[in-house]
Amino acid sequence: MKACDLIARSLHQRGVKVVFGLIGGMIAFMVESLAQYRKTSFITFHHEQAAAFAADAYGRMTGKPAVVMATSGPGATNLITGIGSCYFDSSPAVFITGQISSKELKSKRPVRQLGFQETDIVTIVRSLTKSAKMVNDPNNCAGALADAFDLAVSGRPGPVLLDIPIDVQKREVTGKAVGKTFHPVRLNGDIPKFVNRFIKALSKAKRPLILAGGGVRASGGHDMFLKFLKNSGLPVVHSLLGVDTLSSLHPQRMGMIGSYGNRYANLAIKEADLLLVLGSRLDIRQTGTQVDAFREHKKIFHVDVQKAELNNRIKSCDVCSCDLKAFLSTINGSVALPLLHIQGWRARLADLMAMYPDELEQPSLKSGINPNAFIRALSKASPGACGYAVDVGQHQMWAAQSIWLYKDQRFITSGGMGAMGFALPAAIGMAFASPRQPVVVIVGDGAFQLNIQELETIKRYNLPLKIVVMNNHSLGMVRQFQDEIPNMGHQGTVEGYSVPDLVRIAKAYGIPAKGITRRAQAPSAIKWLWQEALKPAFLQVDIDIRLNANPKIQFRRSIHQMEPKVPEGWHGKRIFRV
Ligand SMILES: Cc1ncc(C[n+]2csc(CCOP(=O)(O)OP(=O)(O)O)c2C)c(N)n1
């Protein structure tokens, strides 16, 4: 058997139903083997970056590594942003790049290139992967693949890359196949002692709070987390990657913290006297720059699978480096969990939520569309979606602040990489992960133009994507940043930036499309979007170019000091409707 056939067989044995990618000579044999073997479909994208983003979302949806194939040189380098996105946002994925023939590799020669499209992708992506290596022997292919799959999901999930020269792919597997070499290491923070310390502190706390990050989903311990919440009654705030930890109907969900967090959630952090951080690395976008203010007056307990993330930016925490599932299983099994008397604290949090409705963070508009209110209305009318693929920009923050999530709906966005162009291809990955379940895409006019070509992939597979472009005719997030800098203009965001007629473009790809400009049009447009639930549809929503992502932590200020400042006596009485 040839190595390329063995790879096709191994992928099938691993349960891989789809491989994302874009064809090229150096992967043509592997792709042909997939076709001959007839168990795994090769899904063609129009840019390798899009295939990589799709894999990121697929991995986050299923907890299993998605597989991407790309050819040497530009095919491989086009993957880089997507590989980085998987790495930073803890998504398991296996990238297989075809490399030029071994004998054409420059090896140690001091030249730039020997073979056509020769590029040392292994060295390039080493800092963005859990492992990247070249497979030089056909007998190693199956073992390397098995290792890659196991490594991708072990500990903190992430991407692995295998670079396989074409001559290796074509050779017969002869000798004894080399077996697996990867054996996962069990993490062993002293969980029982940590749990005891936490329980002791909890029994004394008056205002305890959980901060849930993307790690709760990534660990596969989501059900255990829900059980812990039921047992403990603790309120929960979440990070950007933790938006979908709880449905909006969950009574303990208290909103998103961070630079663009919900005002009430940031205030909850300020007022809490005990914080349990689960699967969140407390990065700058969550805590703000003022780390002392973040930890002020509170005891912080932090659980994370990656030891180096503990006591990193926020110091003096009581920490436990372990698999979150192991922590949750220990605490769920503990008989010592105290009965908390925190009704007063829960009522205070409910008051804060009622006091600062997200929609009221926007100025009052005559007939223009309030983005927060629109997101709320759209998501409330989308119970049939399996989730949201959300891009990067102001629209991402409006969505994270105001999305209404029904049970089990996912919210998938590019967190650490913050890569524009993410949402459209990510939604394709989600659609393959949850066949016949619609996905809502929320994307800005700028981000949409980065991977606009994937409309063709969506049409080809007739994927049930509801694509909503929040068109503010500008690169709004950076325009907002420019406005904060004295005397800075709008170069590249408004000046020298333009958007074509997106409705006509969507139609040209064969996708039914419509645009709205006024608030009164929103309800019927949302209805129209869902008219044929299992078909793609495109909706452009006009947003006033001057609107900002509000609230925002003021520059160099504490987590609760947010812009715009709340006027005296402001009590959220005015409910702004779409
Ligand atoms: C690939 C990439 N290039 C540049 C940026 C910097 N950036 C962050 S948000 C943003 C503007 C996004 O504009 P748009 O998609 O229209 O969304 P809006 O902020 O207007 O809602 C830019 C340019 C980025 N995050 N990713």
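Just so it is clear, none of the values below were taken in a lab; they were calculated from the coordinates. Only a predicted model underlies this, so the values are computations on that prediction, with no experimental measurement involved. Virtual Cβ from ideal backbone geometry, glycine too; neighbours counted across all protein chains shown.
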Using alpha carbons only, how many angstrom separate the centre of segment 462-528 from the centre of segment 398-447? 16
Are there any GluC sites (Glu not before Pro) in segment 234-324 that are in a DSSP loop and have at most 15 other Cβ atoms within 10 Å? List them by number. Glu296
Could you state the per residue volume, in Å³, of the convex hull enclosing the Cα atoms of the chain? 162
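On average, how much area does the Cα convex hull of segment 191-355 cover when viewed from any direction, in nm²?
Numbers: hull surface 33.4 nm².
Result: a mean projected hull area of 8.4 nm².
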Could you give the angle, 0 to 90 degrees to the nearest 10, between helix 423-433's Cα long axis and the longest principal axis of the Cα atoms of the chain? 70
Tilt, helix 191-204 to longest principal axis of the chain (alpha-carbon atoms), in degrees rounded to tens, equals 10
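I'd like to know how segment 1-96 sits against the 2.2 N^0.38 Å rule of thumb: what's its Cα Rg over that expected value?
Details: Rg = 12.5 Å, N = 96, 2.2 N^0.38 = 12.5 Å.
The value comes to 1.00.
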Hey, what do the phi angles of segment 440-447 turn into as Karplus ³J(HN,Hα) couplings, whole Hz, using 6.51/-1.76/1.60 and θ = phi - 60°, x for Gly and Pro? 9, 9, 10, 8, x, 5, x, 4
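Please compute the Kirkwood hydrodynamic radius of segment 363-549 from all pairs of different C-alpha atoms, in Å with one decimal. Intermediate results must be reported in sequence, preceding the final value.
Details: mean 1/r = 0.0610 Å⁻¹.
After inverting the mean inverse Cα-Cα distance, the result is 16.4 Å.
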Could you work out how far apart the two model spin labels at Asp120 and Ser316 are, taking each label as a point 7 Å from the Cα in the direction of the beta carbon, and quote it in nm? 4.6
³J(HN,Hα) across segment 123-139 via Karplus (A = 6.51, B = -1.76, C = 1.60, θ = phi - 60°), whole Hz, x for Gly/Pro? 5, 4, 9, 4, 7, 10, 9, 6, 7, 9, 8, 8, 9, 9, 10, x, 5
Where in segment 81-103 does the label zone of Ala308 land, with the point 7 angstrom along Cα→C-beta and an amide N cut-off under 19 Å? 83-93
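Relative contact order of segment 363-549, please, whole-number percent, based on alpha carbon pairs below 8 angstrom and at least 6 residues apart.
On the way: 362 pairs, mean separation 47.8, N = 187.
Once normalised by length, the contact order is 26 percent.
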Using only alpha carbon pairs under 8 Å that are at least six residues apart, calculate the relative contact order of the chain and give it in whole percent. 13
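Find the percent of Cα-Cα distances in segment 3-170 that exceed 30 Å, and round it to a whole number.
On the way: 1037 of 14028 pairs.
So the pairs more than 30 Å apart make up 7 percent of the total in segment 3-170.
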With a cut-off of 8 Å between alpha carbons and a minimum separation of six or more residues, what is the relative contact order of segment 314-422 in percent? 21
Cα-Cα over 28 Å, subset of Lys204/Lys407; Lys17/Lys507; Lys307/Lys552; Lys298/Lys325; Lys206/Lys325; Lys299/Lys380: Lys204/Lys407; Lys17/Lys507; Lys307/Lys552; Lys299/Lys380
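Would you mind calculating the gained length between His46 and Arg546 on full extension (0.36 nm times residue separation, minus the Cα-Cα distance), in nm to one decimal? If you can, show how the numbers build up before the last one.
Working: separation 500, 0.36 × 500 = 180.00 nm, distance 3.37 nm.
Contour length minus Cα-Cα distance gives 176.6 nm.
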Going by amide H atoms built from the backbone, whose H comes under 5 Å of the H on Asp163, apart from near neighbours? Thr97, Lys133, Met134, Val135
